[in-house]
Amino acid sequence: MRRISRAEKPLKFRYKEGEPLDLIKEFIKFYKPHRKIFILDISCALGIAAMDLIFPLLSRNILNMYIPDRNLRALIITAFVMLFLYLLRAVFNYVVHYWGHIVGVRIEYDMRKTLFDHLQTQDISFFDKSRTGQLMSRLVNDLNLITELAHHGPEDLFLSVIMLSGSFIILLNIEWRLTLILFAFIPFMFYFTLKKSMQMRKKFREVRERIAAVNSQIENSISGIRVSKAFTNEDYEQEKFNEGNMTFRISRSNAFKTMAEFYSGINLYMNFLTLIAISFGGYFVFSGRISYGDLLAFILYTNFFMEPLKRLTNFTEQFQNGMSGFERFREMMSVTPKIQDPPEARELVNVAGNISFRNVSFSYESDQQNNILSHINIDIPAGKTVALVGPSGGGKTTLCHLIPRFYDVTEGEIFIDNNNIKDFTVKSLRKSIGLVQQSVFLFTGTIRENILYGKIDATDEEVIEAAKNASIHDFIASLPEGYETYVGERGVRLSGGQQQRLSIARVFLKNPPILILDEATSALDNATEIMIQRSLEKLSAGRTTLVIAHRLSTIKSADEIIVIDDKGIHERGTHDDLIKLNGIYCQLYNSQFKGFM
Ligand SMILES: Nc1ncnc2c1ncn2[C@@H]1O[C@H](COP(=O)(O)OP(=O)(O)O)[C@@H](O)[C@H]1O
Ligand SMILES: [Mg+2]
């Protein structure tokens, strides 16, 4: 009984739920595919440590034996042995620097791939909550930190422990008192290097933050220079900039102060150790306890103490950073998408396109307090067009996003051809739905690649056909590089209408039986809207269409118009029905109609 209760007590060095050990165990798994290279790397590192331990011993032998004995042969042999060892050491060094880094690079590659693939499977709600910058930092900075640890961590740890303990044991055998005196200073040195290098890190991080602030200030001031000049606020801008620049100057000066302390302190410690070795060692030679050769060995070992100490400090820091990076990595990997295929998912094929919402309620929060949609019932018969009308923020876009399961309904069901959409594979469901939205996203790449997004394996003829259907082919053909023209950040600038046509071409290429048009033309001017409207009509021909439009003139011909707001459905019917009803729709229509006059 007693034993069990003791075992249940959490051990002290394991903070929170046995985390660090689990974390390390999981971390080690990433070495597995590369264990051969890793073992090679570590063996070579150990070889280097062993050689470094041997060299002072060889020198000691020369002084202690070969010179007094005038043994030229032994001296020459030792010299050749040392030459051989130096060459071997060079090979080991090469392996450690090259293959050691390769282990790190490969682990980084694996982790980044795992994380990126995992990100791609996440629900849209996950991206609603995450900031792009943060995700990028996970994929880039965190993984950098982790791989630094992955590669240098074990190496630094093994090397420093072996070198320190090895030299300790060797020296102990030569003269234990002198050894104890020397090693008494090691903990202080370690503490000093650790503390100072941590301070240095912190200060240099601060410097990086400051310079980033200065950068964004410069950018902001220059992009706003016309405003500054118009308001004659140049002095104010200079003052603002000076402040940021001065903070940078102060923090950088501080960083260099710590760096100066670090290096001068370390040098002092090193010189001090040499002094101890020489003076105490000299005294030990006087009193006949050690020979000249032993003294040399002491001095040589003392001189390389700094190396393992630096490595140990490095390791401590890298371990902290790498592990916290890895913890964030694991945290992200543990987020599983909620929207997944059911166990016996079917493919959605041969879609007729009857869509029905049955008693659908939805809330973005899981608490179901703030329902965006409440008990919605809508039927869209195959091939028909239903329009949604309502105030902005009423939940129209949200409703559209429920059909391709960007979000899952909180209550009720959505059916396609009398099957719950949750019974189908998410992929086949989304393949059957075309979505044209107000904001168009064009990927960096060529126009052709952007249209191909609708169907990655389409032929050139199909792409051109789609572009013609979207009435954008003539424009593309007029560009010097045609379909190979670059769009995106550094490419050509397309007008809103042209971008929208590209996105329509994408959907033509995709050729889905179900179409959702969510304010596709709201961002465009009237003339462009009317032209794009024609392409959209062509697109919706023969497809079940759910359309949301800002300007009601574009949805007059819909088979049913539904007026919706955050309280639910208010009116429904054809355009003529609703005009007759003389309700909200009629009012809206009349006010817009007047606007056009
Ligand atoms: N991703 C989201 N997370 C939380 N709330 C959202 C999200 N998207 C929209 N909302 C909220 O849902 C409501 C309906 O938005 P939306 O469906 O975009 O309306 P509409 O398209 O009719 O203008 C709004 O109050 C909006 O703030
Ligand atoms: Mg909307």
Can you list the residues of segment 185-210 with backbone N under 19 Å from a point 7 Å past the Cα of GLU331, pointing along Cα to Cβ? none
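Hey, got the dipole for the chain? About the Cα centre, +1 on K and R Cβ, -1 on D and E Cβ, debye to the nearest 20?
Details: 69 positive and 65 negative charges, 468 e Å.
In total the dipole reaches around 2240 debye.
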The simple spin-label model distance between GLU239 and TYR486, using points 7 Å out along Cα→Cβ, in nm, is 4.3 nm
Cα-projected label distance for ILE24 with PHE183, points at 7 Å along beta-carbon direction, nm: 2.2 nm
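Does segment 480-597 come out rounded, prolate or oblate by the C-alpha gyration tensor, with a ≥ b ≥ c the root eigenvalues, rounded set by a/c under 1.5 and, if not, prolate when a/b is larger than b/c and oblate if not? Show your work: numbers first, answer last.
Working: a/c = 2.66, a/b = 1.88, b/c = 1.41.
Prolate, because a/c is 1.5 or more and a/b exceeds b/c.
Show me the ranking of peptides 210-220, 271-281 by mean Cβ neighbours inside 10 Å, starting with the highest. Mind showing how you got there, number by number?
Numbers: 210-220: 13.9, 271-281: 16.5.
Per-residue Cβ counts within 10 Å, averaged per peptide and sorted highest first, yield 271-281, 210-220.
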Just name one of MET333, ILE225, ALA345: the one whose Cα is farthest towards the positive end of the charge dipole of the chain (beta-carbon charges, Lys/Arg +1, Asp/Glu -1). MET333
Could you tell me the distance between the Cα centroids of segment 425-482 and segment 224-246, to the nearest Å? 45 Å
Taking the Cβ-Cβ separation of ASP69 and ASN271 as r and a Förster radius of 30 Å, what is the calculated FRET efficiency to the nearest 0.05? 0.30
Per 10 Å bin, what is the whole-percent P(r) computed from every C-alpha pair distance within segment 176-289? 12, 25, 18, 15, 12, 9, 6, 3, 1
Among THR425, THR179, what is the fewest-to-most ranking by other Cβ atoms within 10 Å? THR425, THR179
For segment 355-596, give me the percentage of DSSP beta bridges that are antiparallel, rounded to the nearest 5 percent. 50 percent
I'd like the chymotrypsin sites (Phe, Trp or Tyr not before Pro) in segment 205-268 restricted to DSSP loop residues with at most 12 other Cβ atoms within 10 Å, sorted by number. PHE231
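Test of understanding: what is the full-extension gain from PHE593 to SER522, defined as 0.36 nm times their sequence separation minus their Cα-Cα distance?
Working: separation 71, 0.36 × 71 = 25.56 nm, distance 1.60 nm.
Difference between extended and current length: 24.0 nm.
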Lysines whose Cα lies under 17 Å from that of LYS310, excluding same-chain neighbours fewer than 8 positions away: LYS195, LYS196
Could you list GLU327, GLU209 in order of exposure, starting from the residue whose Cβ has the fewest other Cβ atoms within 10 Å? GLU209, GLU327
With Cα coordinates, the longest principal axis of the chain makes an angle with the long axis of helix 584-596, in degrees rounded to 10, of 90 degrees
Applying the gyration tensor rule to the Cα atoms of the chain (axes a ≥ b ≥ c; rounded if a/c under 1.5, else prolate if a/b exceeds b/c, else oblate), the class is prolate
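Calculate the dipole size of segment 150-236 relative to its Cα centre from +1 charges on Lys and Arg beta carbons and -1 charges on Asp and Glu beta carbons; express the result in debye to the nearest 20. Provide the component values of the computation, followed by the final result.
Working: 11 positive and 8 negative charges, 40 e Å.
Here the size comes out at about 200 debye.
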Computed, not fitted: 222 nm per-residue ellipticity of the chain from DSSP H runs ≥ 4 (each -39500 (n - 2.57)), nearest 500, equal to -20500 deg cm²/dmol
Which of LYS384/LYS580; LYS338/LYS431; LYS29/LYS203; LYS29/LYS431; LYS384/LYS567 exceed 28 Å between C-alpha atoms? The answer is LYS29/LYS203; LYS29/LYS431
Hey, with R₀ at 30 Å, roughly what FRET efficiency would VAL349 and GLN120 work out to, going by the Cβ-Cβ distance, to 0.05? 0.80
In degrees rounded to 10, the 0-90 angle between helix 526-540 Cα long axis and the longest Cα principal axis of the chain is 90 degrees
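Sort ILE564, ILE266 so that the residue with the fewest other Cβ atoms within 10 Å of its own Cβ comes first and the one with the most comes last.
Final ranking by Cβ density, sparse to dense: ILE266, ILE564.
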Calculate the FRET efficiency for SER428 and HIS101 from the Cβ-Cβ distance with a Förster distance of 41 Å, rounded to the nearest 0.05. 0.40
When the charge dipole of the chain is computed with +1 at the Cβ of Lys and Arg and -1 at the Cβ of Asp and Glu, the Cα pointing farthest to the positive end, of PHE304, HIS97, ALA387, is that of PHE304
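Report the full-extension gain for the segment LEU172 to LEU83: residue separation times 0.36 nm, less the Cα-Cα distance, to one decimal in nm.
On the way: separation 89, 0.36 × 89 = 32.04 nm, distance 2.73 nm.
Stretched out fully, the LEU172 to LEU83 stretch lengthens by 29.3 nm.
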Can you tell me the length gained on complete extension of the stretch LYS538 to SER287, counting 0.36 nm per residue apart and subtracting the Cα distance? 79.9 nm
Just name one of ILE174, VAL463, GLN437: the one whose Cα is farthest towards the positive end of the charge dipole of the chain (beta-carbon charges, Lys/Arg +1, Asp/Glu -1). ILE174
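Of all trypsin sites (Lys or Arg not before Pro) in segment 422-495, which ones are in loop regions per DSSP and have a Cβ with at most 16 other Cβ atoms within 10 Å?
ARG490, ARG493
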Taking Cα atoms only, helix 234-286 is inclined relative to the longest principal axis of the chain by an angle, in degrees rounded to 10, of 30 degrees
Test item: Cα-centred dipole of segment 295-387, Lys/Arg +1 and Asp/Glu -1 on Cβ, debye: 140 debye
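Readers should treat all values here as calculations from the given coordinates under stated rules, not as data from a laboratory. Note that this is a predicted model, so its numbers are computed, not measured. Cβ coordinates were reconstructed from backbone atoms using ideal geometry, including for glycine residues, and neighbour counts include every protein chain displayed.
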